[in-house]
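K.L.:
Okay, here's the structure, questions in a sec.
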């Protein structure tokens, strides 16, 4: 069997396996919206851990991350550790557990629904959903572009880009429509375990060939000694801190992650996942990013636009194994995308369509409409991905920063009963406007006296402007709440979960 | 131990956990052990510490700040 046939067979085999899982999930599901979106709030530890994890990864673990490690050294492991291992775990407790408790009591399915109910405001509900969808849509498009390109690369150009992206889109629609949250969570678990094993086997294989970690480090000491030292012009303290903080806070507000805060079967599930988080992060990112770094010492040449990990693997491991890893990476992209589609559709149907267009929508009909929403959403992002509009790509690349703007107002609302509707609206709009203006308005410099000041820059003194937006959002939420009185229909006790 | 002090200690612990995930005091250091940079070993150990701290928190005060359970 030729290399190409083998690779395509492995990818197709994976897709068929995932569909099988989807079918089983479909058969055990009941047809109401809560089950379709949240698997009836019945997810266990292993599945919750891995479904959050797999959704978090996307293509960055296998392609983007190792590429950076190859070019700049392995410090991204530290960024990942601070970001995902510690900061996200703390937010998992502060936001995730709280949302889970509130969700159990009030039956919320989305973040926007929760905030809209607490502040008695349909507009706030719509605003949060609209802001979320604004950042989510281009991010899904980026995933489709990545998968399309990976398939083109894998087939050596035999499958054109549009056909690859179309195949992935069709598969995702079919899969999400069938499987809902339960099926998505199950395949995420299989993928997560699979990727973790494959990565460690890859490390063993490569290290056996180059004389262990010491051999790899010695080679690296010859070619890129600066990679062994902590920090560089690229990895400045400002960069490490900005990236870790912005992404960790952004991740919690990504619809597909935030919605997972509602799905745990019990508090025990959330506790165990919280404890295991740092270990899981280490187990996955240390090997993948080290592989990328070692490749630099082993003289691996990466052509423009290609990814280092597949090239390294094809050098040191058998063809079938390299193909397995590519299939795993594509699976990672799809698992992120199908979770995003599912959550995006639930935000759209539940928080925009239902309140503003058809308030009489039944739970059962909502589950069907949500499926239609998935198809429309995926098709729209696919069409957009064909022309690759620069503006949308820019929005997708800054999505984490955009979502991070929501986190502090939500955190304030969850814990401070005096938060008012006006405070929330001010905090969300103010921070979004600040961030958006910096993303879209080109940098201009102004002269004040003898100093030149940049305006609308993406970073000031190395610090990401998203941090400033987050701070502004928190200040506005608290400040405006102090200055205004709550409206009559705000229910400030909604987020109190005391033993009543 | 009063409730206040206890809370303060948790906030302090969480802050230390976040701040020292990166061994800032070894900035620019390129010593390695068994082929892995020392700063990476520190990080690996630190994530282990984080897991232990999280496990202790889950067993003791997890519900204290949410208004459920043993308040």
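The values are calculated or read from the model by the stated rules, or taken from the named source; none is laboratory data. Nothing here was measured: the structure is a model prediction, and the numbers come from that model. Positions of Cβ are backbone-derived with ideal geometry, glycine not excepted, and every protein chain shown enters the neighbour counts.
K.L.:
Of all residues in segment A:122-134, how many are under 24 Å from the mean Cα position of the chain (by Cα) and surrounded by fewer than 24 Cβ atoms within 10 Å (Cβ to Cβ)?
P.N.:
Taking segment A:122-134 first, the residues under 24 Å from the mean Cα position of the chain (by Cα) are A:124-134.
Narrowing the set further to residues that are surrounded by fewer than 24 Cβ atoms within 10 Å (Cβ to Cβ) leaves A:124, A:126-127, A:130-131, A:133-134.
Count: 7.
K.L.:
Restricting attention to segment B:53-71, and to residues there that are more than 9 Å from chain A (Cβ to nearest Cβ) and at pLDDT 95 or above, which single residue is surrounded by the fewest Cβ atoms within 10 Å (Cβ to Cβ)?
P.N.:
My answer is B:56.
K.L.:
Looking at A:261, A:289, A:285 in this structure, which one is within 14 Å of another protein chain (Cβ to nearest Cβ), under 23 Å from the mean Cα position of the chain (by Cα) and closer than 28 Å to residue A:173 by Cα?
P.N.:
Going through A:261, A:289, A:285 in turn, just one is within 14 Å of another protein chain (Cβ to nearest Cβ), under 23 Å from the mean Cα position of the chain (by Cα) and closer than 28 Å to residue A:173 by Cα: A:261.
K.L.:
Could you tell me which of the residues A:359, A:355 is free of Cβ contacts under 8 Å to residues at least 12 places away in the same chain and more than 21 Å from the chain's Cα centre (by Cα)? I'd like the intermediate steps shown before the answer.
P.N.:
On the way: A:355 fails: free of Cβ contacts under 8 Å to residues at least 12 places away in the same chain.
Result of the check over A:359, A:355: A:359.
K.L.:
If I go through segment A:220-238 residue by residue, how many of them are farther than 21 Å from residue A:462 by Cβ and exposed (fewer than 14 other Cβ atoms within 10 Å of the Cβ)?
P.N.:
Filtering segment A:220-238 down to residues farther than 21 Å from residue A:462 by Cβ leaves A:220-225, A:228.
Those left that are additionally exposed (fewer than 14 other Cβ atoms within 10 Å of the Cβ): A:222-223, A:225.
Total satisfying the criteria: 3.
K.L.:
Which residues, taken from segment A:52-76, are at pLDDT 90 or above, part of a helix (DSSP H, G or I) and crowded, with 24+ Cβ neighbours inside 10 Å?
P.N.:
The answer is A:66, A:69, A:70, A:76.
K.L.:
If the requirement is being assigned to a helix (DSSP H, G or I) and buried (at least 24 other Cβ atoms within 10 Å of the Cβ), which of these qualifies: A:367, A:331?
P.N.:
It is A:331.
K.L.:
Answer with yes or no whether residue A:407 is buried (at least 21 other Cβ atoms within 10 Å of the Cβ), in contact with a helix residue (DSSP H, G or I) (Cβ under 7 Å, 6 or more places away or on another chain) and within 28 Å of residue A:240 (Cβ to Cβ).
P.N.:
For residue A:407, the condition - buried (at least 21 other Cβ atoms within 10 Å of the Cβ), in contact with a helix residue (DSSP H, G or I) (Cβ under 7 Å, 6 or more places away or on another chain) and within 28 Å of residue A:240 (Cβ to Cβ) - is met.
K.L.:
Would you mind telling me which numbered condition in (1) surrounded by fewer than 21 Cβ atoms within 10 Å (Cβ to Cβ); (2) over 29 Å from residue A:14 (Cβ atoms); (3) more than 12 Å from every other protein chain (Cβ to nearest Cβ) residue A:246 fails?
P.N.:
Condition (1) is where residue A:246 drops out.
K.L.:
Could you tell me whether residue A:84 is within 14 Å of chain B (Cβ to nearest Cβ), touching a helix residue (DSSP H, G or I) at 6+ places or on another chain (Cβ under 6 Å), touching a residue at least 40 places away in the same chain (Cβ under 8 Å) and in a helix (DSSP H, G or I)?
P.N.:
yes
K.L.:
Here's a check for you: in segment A:315-328, which residue that is at pLDDT 85 or above and assigned to a helix (DSSP H, G or I) is surrounded by the most Cβ atoms within 10 Å (Cβ to Cβ)?
P.N.:
Filtering segment A:315-328 for residues that are at pLDDT 85 or above and assigned to a helix (DSSP H, G or I), the one surrounded by the most Cβ atoms within 10 Å (Cβ to Cβ) comes out as A:316.
K.L.:
Name the pairs whose Cβ atoms lie under 6 Å apart, with the first residue in segment A:479-500 and closer than 20 Å to residue A:429 by Cβ and within 14 Å of chain B (Cβ to nearest Cβ), the second outside any loop (DSSP other than H, G, I, E, B) and modelled with pLDDT of 85 or more, and 6 or more positions between them or separate chains?
P.N.:
Note: no pairs meet the criteria.
K.L.:
Can you find even one residue in segment B:13-33 that is in contact with a strand residue (DSSP E or B) (Cβ under 9 Å, 6 or more places away or on another chain), surrounded by 13 or more Cβ atoms within 10 Å (Cβ to Cβ), more than 7 Å from chain A (Cβ to nearest Cβ) and more than 19 Å from residue A:276 (Cα to Cα)?
P.N.:
For segment B:13-33, residues in contact with a strand residue (DSSP E or B) (Cβ under 9 Å, 6 or more places away or on another chain), surrounded by 13 or more Cβ atoms within 10 Å (Cβ to Cβ), more than 7 Å from chain A (Cβ to nearest Cβ) and more than 19 Å from residue A:276 (Cα to Cα): absent.
K.L.:
Suppose the filter is within 14 Å of chain B (Cβ to nearest Cβ), modelled with pLDDT of 90 or more and under 22 Å from residue B:18 (Cβ atoms); does residue A:228 pass it?
P.N.:
Details: within 14 Å of chain B (Cβ to nearest Cβ): yes; modelled with pLDDT of 90 or more: yes; under 22 Å from residue B:18 (Cβ atoms): no.
Answer is no for this residue.
K.L.:
Could you pull out the residue among A:439, A:465, A:444, A:480 that is in contact with a strand residue (DSSP E or B) (Cβ under 7 Å, 6 or more places away or on another chain) and at pLDDT 85 or above? First the steps, then the outcome.
P.N.:
On the way: A:439 fails: in contact with a strand residue (DSSP E or B) (Cβ under 7 Å, 6 or more places away or on another chain); A:444 fails: at pLDDT 85 or above; A:480 fails: in contact with a strand residue (DSSP E or B) (Cβ under 7 Å, 6 or more places away or on another chain).
When all the criteria are applied, what remains is A:465.
K.L.:
Still on this structure: Before we move on, is residue B:40 surrounded by 13 or more Cβ atoms within 10 Å (Cβ to Cβ), in contact (Cβ under 8 Å) with a residue 12 or more places away in the chain and facing chain A (nearest Cβ under 7 Å)? First the steps, then the outcome.
P.N.:
Numbers: surrounded by 13 or more Cβ atoms within 10 Å (Cβ to Cβ): yes; in contact (Cβ under 8 Å) with a residue 12 or more places away in the chain: no; facing chain A (nearest Cβ under 7 Å): yes.
Against the criterion (surrounded by 13 or more Cβ atoms within 10 Å (Cβ to Cβ), in contact (Cβ under 8 Å) with a residue 12 or more places away in the chain and facing chain A (nearest Cβ under 7 Å)), residue B:40 does not qualify.
K.L.:
Within segment A:208-219, which residues are buried (at least 16 other Cβ atoms within 10 Å of the Cβ) and more than 9 Å from chain B (Cβ to nearest Cβ)?
P.N.:
A:210, A:219, listed by residue number.
K.L.:
A further question on this structure: In segment A:16-45, which residues are touching a helix residue (DSSP H, G or I) at 6+ places or on another chain (Cβ under 6 Å) and either assigned to a helix (DSSP H, G or I) or surrounded by fewer than 13 Cβ atoms within 10 Å (Cβ to Cβ) (or both)?
P.N.:
A:18, A:21, A:22, A:25, A:26, A:33, A:36, A:37, A:38, A:39, A:45
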